[in-house]
Structure formats: C-alpha cells, structure tokens
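Before any comments, here is the structure.
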Amino acid sequence: MTQGFGKFGPLVGAIDEGTSSARFIIFKANSSEVIALHQKELTQHFPQEGWVEQDPLDILEVVITCIEKAVEKLVLLGGSPKDIVAVGVTNQRETTIVWDKETGQPLHNAIVWLDMRTTTTTDKLLDNVPNKSRNKNYLKPLCGLPLSPYFSAVKLRWLRDKIDVVNSAMKKGTCYFGTVDTWIIWNLTGGPNGGKHVTDVSNASRTMLMNIESLEWDPLLLKFFEVPKSVLPEIRSSSEIYGYIAKGPLQGIPISGCLGDQQAALVGQMCLQKGQAKATYGTGCFVLYNTGDIRVNSSRGLLTTVAYQLGKNSQPVYALEGSVAVAGAALGWLKDNIGMLDDAKESQSLAEMATENGSVVFVPAFSGLYAPYWRQDARGVICGITEDTNSHHIIKAALEAVCFQVRDILNAMNEDCGIPLQLLKVDGGMTSNALVMQMQADLIGINVIKAGFAESTALGAALVAYWGVDGSNHGEPIPMTSGITYTPCINDDERDMRYKKWKMAVERSLGWDQN
C-alpha cells in the first residue's frame with residue numbers, strides 16, 4: 001500500500017475526543033510515528049452540583065476544527081490529505097447524546113459520563129428488580145455491568161422521563177441516541193443527508209443495552225429501561241468501513257475504526273494477547289485486563305466489557321475493567337481545597353522530601369469507593385498522623401493511594417482470572433511522575449512498563465482504522481519504542497505490611513455517609 005503516496009507514504013487520522021479536549025492526530029500508517037496533530041479544549045457546563053454537560057454542537061465543531069488545522073499542518077510539511085487512507089474515532093465513553101434525526105439538532109446537552117444526576121433514576125430502576133431484592137447486579141449476566149448512574153441507558157432513561165422534547169421525539173420516531181462516537185460518525189458521514197447511525201461493540205458494551213454474548217441490542221434490557229429500539233444505532237465491529245466523510249478536507253476518506261478510549265489505549269499499548277493488562281492514570285485510573293475470547297464474570301466488583309472486535313467476521317475479545325475514581329483528582333484536591341500544592345507537577349519533589357518515619361495513609365474516598373469495594377458510604381480519611389507529620393507526608397500518601405487502589409484492582413483480577421499478571425503497562429498523565437511509578441512497582445511486586453509513546457489512545461484508534469481498510473496486517477502488534485521499566489525494590493514482607501495498613505485505613509473510611 002505504498003505506491004502513489006506523497007513523501008510520508010500512506011497516513012491514518014485519529015479523532016481522539018476526550019472529556020476535556022479533542023484532538024486529531026495524523027500517523028504514518030501502521031506505526032506510532034506522528035506526522036501532524038492539533039488539539040483544542042472542550043467547554044464543560046455544570047448546571048447543578050454533580051451535573052456535568054457538554055454542548056454536542058461544540059463537540060462537533062471542536063473535532064472539525066482539529067481535523068482542519070492538523071491537515072493544514074500536514075500540507076505545510078509537504079504532505080497531502082489525499083495520502084490519508086482511513087480515519088479512526090476514539091471517545092470518552094458512556095456520555096449520552098440525543099438528537100433529531102431529520103434536522104440534526106441536539107434535543108438536550110450531552111450528559112457526560114461522570115454526571116451524577118441519575119442517582120434517583122438508578123434508585124427507581126432498582127425498585128423494578130424482581131422479588132424486591134434491589135440487586136444492582138441483576139442485569140450483569142446480560143450486559144456485564146452493575147446498575148449504576150454511570151452507564152448510558154440510565155442517562156437515556158432520565159432524558160426520556162424528564163425532558164418533554166426527548167419523550168415526544170421518541171414517540172414520533174424522530175429521536176436518535178448515541179454515545180460520542182456515534183454522534184461524530186453520523187455527522188461526518190452526512191448527518192441528516194445519509195449519515196451512518198452506527199456504534200462499535202466496545203462503546204455499545206458500556207450502554208447496559210447490549211447483550212455481552214450476542215453483541216446485539218437485548219430485548220430484555222430495552223424493556224427494563226423502556227428504551228425504544230428505533231433510537232439505537234447499528235452495532236458494528238471496531239474495525240471496518242462504516243461510511244465515508246461527506247465534506248471538508250478529508251471528503252471521500254473512509255471512517256473505518258472505532259473504540260471507546262480505554263479500549264483504544266489497550267490496543268495502543270499492544271495488549272493484544274490474553275493475560276496482558278494496562279493502567280491509564282488520569283483524573284481517575286482505569287485498569288483493563290485482556291481476557292481473550294472468554295467473558296470473565298467478576299465476583300469482585302469488576303466490569304466485563306468488550307475490548308475490541310477486529311472485523312465483522314472476527315471473534316470479539318473481552319476484558320475485565322476496574323476503575324479508581326480518584327487518581328490525579330487527589331492532587332487537584334490538595335492544590336485547590338487544602339493549598340498544599342501550587343501545581344500538581346510539584347508533587348514528586350515534595351513527596352520525596354517526606355522522611356521515612358511517617359507512615360501516613362490517605363484514602364481519597366471523596367464520593368465513595370469504586371472497584372472492588374463499591375461502597376457509596378465511604379468518605380476520605382487520613383490515618384497515622386503523628387507530631388512529625390507534615391504536608392510532604394500527606395502529598396506522598398495521596399500519590400501512594402493511587403498505587404494501593406491499583407493493587408486492589410489487580411488482586412481482584414488475579415482472583416477472578418486465576419492467572420497472576422506478569423507485568424503492567426502504564427500510560428496517562430501521572431506516569432510522568434517517576435516516584436509514583438516506582439511506588440506502583442513496589443506495591444504490586446511486578447514490573448511496571450511506561451509506554452514509550454504518550455498517545456496510546458489515539459494510536460489504538462489509528463491502528464483499528466488502518467486494519468479496517470487493509471486486512472493483511474490485521475491485529476499484528478507494531479514495533480514500539482520501549483519506555484522506562486520500573487522494577488520492584490522492596491521485599492514481600494514490607495510490601496504486605498504496607499498493604500495491610502492500607503486495608504486498615506480503608507476499613508476506617510467505610511460507613512461515614514449514613515444516608
């Protein structure tokens with residue numbers, strides 16, 4: 001596939017639409033070499049406490065701007081948009097958008113994944129669980145997920161119940177629903193003029209509406225959430241041609257790859273073998289463990305999710321996922337609420353000043369604990385304070401808390417899968433903190449390998465897009481520059497002693513919020 005291309009050879013574009021910004025990155029095909037990119041911030045709206053919204057038209061405009069600017073940069077470098085053979089999409093997951101399929105106008109702002117307004121909807125839905133058991137895992141055998149405000153079906157149900165225009169558009173059959181990937185692909189492939197209303201298996205597996213085994217919308221789930229099938233996109237594999245871009249500098253180029261952001265990072269980190277895992281450290285922290293063609297049903301609070309499906313005739317690959325609610329967010333709290341930091345970047349040098357004799361443990365359960373505890377009643381605690389404790393110890397404990405929470409999740413994964421992890425691949429903002437990475441290796445007792453390439457998520461989207469137009473390299477790992485390896489420096493006894501203190505602190509964080 002190299003004949004007739006310009007100076008860079010064939011190229012692939014990746015739309016990476018995150019929670020706080022979007023970017024378009026142009027890669028050399030089937031490689032991690034970046035030729036050009038453009039990034040732009042996204043505005044978030046907070047209409048009430050715990051509510052987080054974005055304007056769908058703003059999301060679209062930012063994506064289109066990033067494409068145009070990145071292509072301009074490519075042309076300045078002597079490349080041509082004609083050399084782009086495919087475009088992939090990766091996106092913030094669970095964020096829910098509804099629009100009028102005839103006009104293309106949104107019927108409401110996008111409800112962002114971390115929005116908590118649907119807590120009451122979740123409570124009402126729990127009342128519908130048979131035998132009055134209120135079992136939040138009632139639907140898990142069908143969709144792999146516990147009933148939680150997080151997932152798209154609950155947000156969609158809230159929109160139907162609370163927003164009249166959404167309800168009437170659903171009844172009229174003019175309402176389309178989609179996660180961010182669906183909204184972007186529909187608009188880029190023509191919108192009201194023949195746009196493709198599709199999603200991929202990885203995004204569909206986060207809605208609570210897809211059957212995790214058949215990979216189709218499940219009639220029982222649709223009935224439970226009272227969602228009409230007419231609003232739903234078609235579910236496709238993660239790597240095939242969905243449609244062609246209708247206008248702009250990339251007109252006629254196929255969109256041929258789509259993955260939710262955490263799954264895209266799994267692919268971009270080359271975790272394509274069963275038993276490989278990656279952790280992405282951002283505001284929160286997400287750990288995904290590739291379980292191959294086996295759906296592992298976790299008894300320890302982890303989610304069963306589709307990792308990817310490379311082509312419509314391929315078997316789906318599954319993953320176990322554990323999420324840590326507060327990772328980098330704990331540093332934001334120390335900076336903004338407590339004033340211990342001027343900048344999160346100082347956390348490493350300040351934590352390194354902590355003397356060894358302070359064994360402070362910080363459990364940042366600001367709004368409960370996620371996997372593997374799932375305790376909404378937990379609240380943050382700082383334990384082990386003595387007269388020698390100072391801010392350095394507390395900053396160090398905040399960093400250590402991220403590593404302890406990842407160990408909690410890996411322990412649960414090891415128990416669910418029965419195969420202990422050999423090494424952990426890591427990416428995301430916090431991996432630039434060498435102290436955190438060393439502490440992580442120490443506390444889990446295996447090597448931690450930092451990605452040699454920062455844009456794992458966009459790379460994953462670019463790879464599945466390329467494989468969607470060129471079947472010859474399907475699913476083959478590409479050579480990657482290796483990053484830094486952190487090796488554990490403490491023995492099992494010390495590791496277990498420190499972890500035992502963490503468990504004691506977690507115990508003390510439970511039961512604070514009695515409502």
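Looking at Val85, Val98, Val89, which is the one that is part of a strand (DSSP E or B) and within 21 Å of Met170 (Cβ to Cβ)?
Val98
Hey, among the residues in region 414-463 that are touching a Pro at 6+ places or on another chain (Cβ under 6 Å) and open to solvent by 20 Å² or more (accessible area, probe 1.4 Å), which one's modelled with the lowest pLDDT?
Across region 414-463, the extreme among qualifying residues is Asn414.
Considering region 213-226 alone, what residues qualify as being in a loop (DSSP other than H, G, I, E, B) and either open to solvent by less than 10 Å² (accessible area, probe 1.4 Å) or touching a Cys at 6+ places or on another chain (Cβ under 9 Å) (or both)?
Asp218
With Leu250, Leu259, Leu188 as the choices, which residue is open to solvent by 10 Å² or more (accessible area, probe 1.4 Å), within 30 Å of Glu68 (Cα to Cα) and of a type outside the set (D, E, K, R)?
Answer to the check: Leu188.
Looking at (1) closer than 23 Å to Phe224 by Cα; (2) surrounded by fewer than 19 Cβ atoms within 10 Å (Cβ to Cβ); (3) in contact (Cβ under 8 Å) with a residue 12 or more places away in the chain; (4) small (Gly, Ala, Ser), find the lone condition where Ala110 falls short.
With respect to (1) closer than 23 Å to Phe224 by Cα; (2) surrounded by fewer than 19 Cβ atoms within 10 Å (Cβ to Cβ); (3) in contact (Cβ under 8 Å) with a residue 12 or more places away in the chain; (4) small (Gly, Ala, Ser), Ala110 is out only on (2).
Can you give me the number of residues within region 377-421 that are outside any helix (DSSP H, G or I) and more than 19 Å from Thr280 (Cβ to Cβ)?
Residues meeting the conditions: 17.
Of the residues Ile59, Ile67, only one is closer than 30 Å to His474 by Cβ and assigned to a helix (DSSP H, G or I); which?
Going through Ile59, Ile67 in turn, just one is closer than 30 Å to His474 by Cβ and assigned to a helix (DSSP H, G or I): Ile67.
Condition test on Val426, is it under 17 Å from Ala265 (Cβ atoms) and in contact with a Cys (Cβ under 7 Å, 6 or more places away or on another chain)?
No, not satisfied.
For region 422-468, enumerate the residues that are closer than 27 Å to Gly311 by Cα, of a type in the set (Gly, Ala, Ser), assigned to a helix (DSSP H, G or I) and under 21 Å from the mean Cα position of the chain (by Cα).
Ser456, Ala458, Gly460, Ala461, Ala462, Ala465
Give all pairs with beta carbons closer than 9 Å in which a residue from region 169-182 that is within 12 Å of Lys155 (Cβ to Cβ) meets a residue that is of a type in the set (Asp, Glu) and buried (at least 24 other Cβ atoms within 10 Å of the Cβ); count only pairs at least 6 apart in sequence or on separate chains.
What qualifies is Thr179/Glu94.
Taking the criterion of being surrounded by fewer than 24 Cβ atoms within 10 Å (Cβ to Cβ) and either over 18 Å from Val201 (Cα atoms) or under 17 Å from the mean Cα position of the chain (by Cα) (or both), would at least one residue in region 262-270 satisfy it?
yes
In region 409-418, what residues are without any contact (Cβ under 8 Å) to a residue 40 or more places away in the chain and not small (Gly, Ala, Ser)?
Asn411, Asn414
If a residue must be out of contact with any Gly (no Cβ under 9 Å at 6 or more places or on another chain) and either closer than 20 Å to Val98 by Cα or not polar (S, T, N, Q) (or both), how many such residues does region 58-72 contain?
Result for region 58-72: 9.
Conditions tested, residue by residue: (1) more than 28 Å from the chain's Cα centre (by Cα); (2) buried (at least 20 other Cβ atoms within 10 Å of the Cβ); (3) at pLDDT below 95.
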site	(1), (2), (3)
Gly88	no, yes, no
Ile97	no, yes, no
Gln105	no, no, no
Leu114	no, no, yes
Asp123	no, no, yes
Arg160	no, yes, no
Val166	no, yes, no
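Looking at Ala279, is it assigned to a helix (DSSP H, G or I), open to solvent by less than 10 Å² (accessible area, probe 1.4 Å) and closer than 20 Å to Glu94 by Cα?
Considered against the rule, which asks whether it is assigned to a helix (DSSP H, G or I), open to solvent by less than 10 Å² (accessible area, probe 1.4 Å) and closer than 20 Å to Glu94 by Cα, Ala279 comes out as no.
Being touching a residue at least 40 places away in the same chain (Cβ under 8 Å), open to solvent by less than 10 Å² (accessible area, probe 1.4 Å) and under 15 Å from Leu331 (Cα atoms) is the filter here; which residues of region 391-408 pass it?
Across region 391-408, the qualifying residues are Ile395, Ala398, Leu399, Ala401, Val402, Cys403.
Tell me, please, whether a residue that is touching a Ser or Thr at 6+ places or on another chain (Cβ under 9 Å) and either open to solvent by 10 Å² or more (accessible area, probe 1.4 Å) or among the aliphatic types (A, V, I, L, M) (or both) can be found in region 72-81.
Yes, because at least one residue in region 72-81 is touching a Ser or Thr at 6+ places or on another chain (Cβ under 9 Å) and either open to solvent by 10 Å² or more (accessible area, probe 1.4 Å) or among the aliphatic types (A, V, I, L, M) (or both).
The values are calculated or read from the model by the stated rules, or taken from the named source; none is laboratory data. Please read all numbers here as calculations on a predicted model, not as lab measurements. Here the Cβ is made from the backbone with ideal geometry for all residues, glycine too, and neighbour counts use every protein chain on show. All accessible areas refer to the heavy atoms of the entire protein, side chains included, with ligands and DNA or RNA removed. Shrake-Rupley method; radii C 1.70, N 1.55, O 1.52, S 1.80 Å.
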